[in-house]
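The values are calculated or read from the model by the stated rules, or taken from the named source; none is laboratory data. This structure is a prediction, so every number in the text was calculated from the model and none was measured. Methodologically, a virtual Cβ is constructed for each residue, glycine included, from the backbone with ideal geometry; neighbour enumeration extends over all protein chains shown. Only protein heavy atoms, including side chains, enter the accessible area calculation; ligands, DNA and RNA are left aside. Shrake-Rupley method; radii C 1.70, N 1.55, O 1.52, S 1.80 Å.
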Amino acid sequence: MLNIDAIIVGGGPCGLAAAIALQEAGKNPLVIEKGNIVNAIYNYPTHQTFFSTSEKLEIGGVPFITENYKPKRNQALTYYREVVKRKGIKINAYEKVLNVVKNHSEAFEVQTDKGAYTVNNVIIATGYYDNPNFMEVPGEDLSKVFHYFKEAHPFFDKDVAVIGGKNSSVDAAIELVKAGARVTVIYRGTEYSPSIKPWILPEFEALVRNGVIKMEFNAHVKEISENKLLYSVDGKTFDIKNDFVFAMTGYHPDHGFLRNMGIQINDETGRPHFNPETMETNVPGIFIAGVIAAGNNANEIFIENGRFHGGQIAKAIIEKESGNCKG
């Protein structure tokens with residue numbers, strides 16, 4: 001393998017953007033991804049439409065042109081594959097980083113399930129999509145409970161509960177109804193979330209008004225069993241027939257992975273300690289990129305702003321090395 005001077009953990013759009021920025025700065029980065037590139041986007045629902053326009057998903061100066069104002073999942077997958085090919089990004093796919101530790105010479109030893117690497121700089125761009133927020137209710141570990149929604153067809157003619165009231169829940173409920181499922185949406189909020197895509201909410205509200213979707217506000221799941229689901233509203237408990245549950249309760253970063261590297265985490269916000277100008281953490285030489293910088297608030301950083309973190313990181317690394325040379 002050619003000499004690698006930086007490793008990027010995570011092959012999502014922000015990790016790829018960081019790799020491009022480092023390459024343009026004269027560095028030789030390697031992306032290590034436990035799945036394949038943009039694995040989180042691959043795991044989106046099959047017919048997912050992005051909130052952002054294609055222009056705001058572009059990385060590396062490669063145009064992302066679609067016939068629609070907002071691109072779909074498959075179009076994004078095609079685009080990012082093409083970016084990797086055009087930019088010649090080095091990627092070790094299906095390789096999982098296990099830990100990152102500093103050695104006696106102040107370099108980092110990056111241990112994976114397939115080998116080990118020694119580099120001076122590590123960029124963590126792992127996102128948050130792999131770590132769902134659990135409800136911690138009895139029955140949540142049943143095989144009928146999912147924290148990800150892919151396609152609706154398998155749930156035709158079934159009683160399905162969707163937990164949550166934001167975009168992922170609304171999108172799933174609409175797709176499930178289209179496939180012939182009987183859907184109840186259980187949401188602890190008292191009204192529709194303002195974060196719901198404005199072009200989706202009218203369709204969802206119409207389905208609720210017409211009784212196609214049963215919408216329960218101020219509702220809390222109490223227990224899930226093989227064929228039922230219990231939830232409460234204003235102190236009253238309800239028992240409904242249930243075949244499957246989609247707990248669309250959000251996701252969070254892998255804080256343990258970060259803490260093992262020595263990165264400090266704010267207990268309240270889940271936000272890693274980092275310099276917003278350089279994206280360098282409290283561990284010199286370890287940087288973060290993408291939504292992981294937002295901690296528990298995944299609505300703060302998206303592809304459209306996280307894609308610029310790589311440029312900040314590349315600039316910081318070059319300036320640090322120049323300073324070291326001068327010193």
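Annotations for the structure displayed:
- Segment 191-233, subset among the hydroxyl-bearing types (Ser, Thr, Tyr) and within 26 Å of the chain's Cα centre (by Cα), residue modelled with the highest pLDDT: 192
- For segment 89-114, taking the residues that are more than 26 Å from the chain's Cα centre (by Cα) and touching a residue at least 12 places away in the same chain (Cβ under 8 Å), the one that is least open to solvent (accessible area, probe 1.4 Å) is identified as 107.
- Among the residues of segment 51-88, those that are over 30 Å from residue 197 (Cα atoms) and open to solvent by 70 Å² or more (accessible area, probe 1.4 Å) comprise 85, 86.
- Meets criteria (out of contact with any Ser or Thr (no Cβ under 8 Å at 6 or more places or on another chain) and modelled with pLDDT under 95) for residue 105: yes
- Single residue of segment 192-225 satisfying the filter (assigned to a loop (DSSP other than H, G, I, E, B) and of a type in the set (A, V, I, L, M, F, W, C)) that is most open to solvent (accessible area, probe 1.4 Å): 199
- Test: residue in segment 186-194 that is touching a helix residue (DSSP H, G or I) at 6+ places or on another chain (Cβ under 7 Å) and of a type in the set (Val, Ile, Thr): no
- For segment 230-278, the set of residues classified as in contact with a Ser or Thr (Cβ under 7 Å, 6 or more places away or on another chain), surrounded by fewer than 17 Cβ atoms within 10 Å (Cβ to Cβ) and more than 23 Å from residue 135 (Cβ to Cβ) consists of 273 only.
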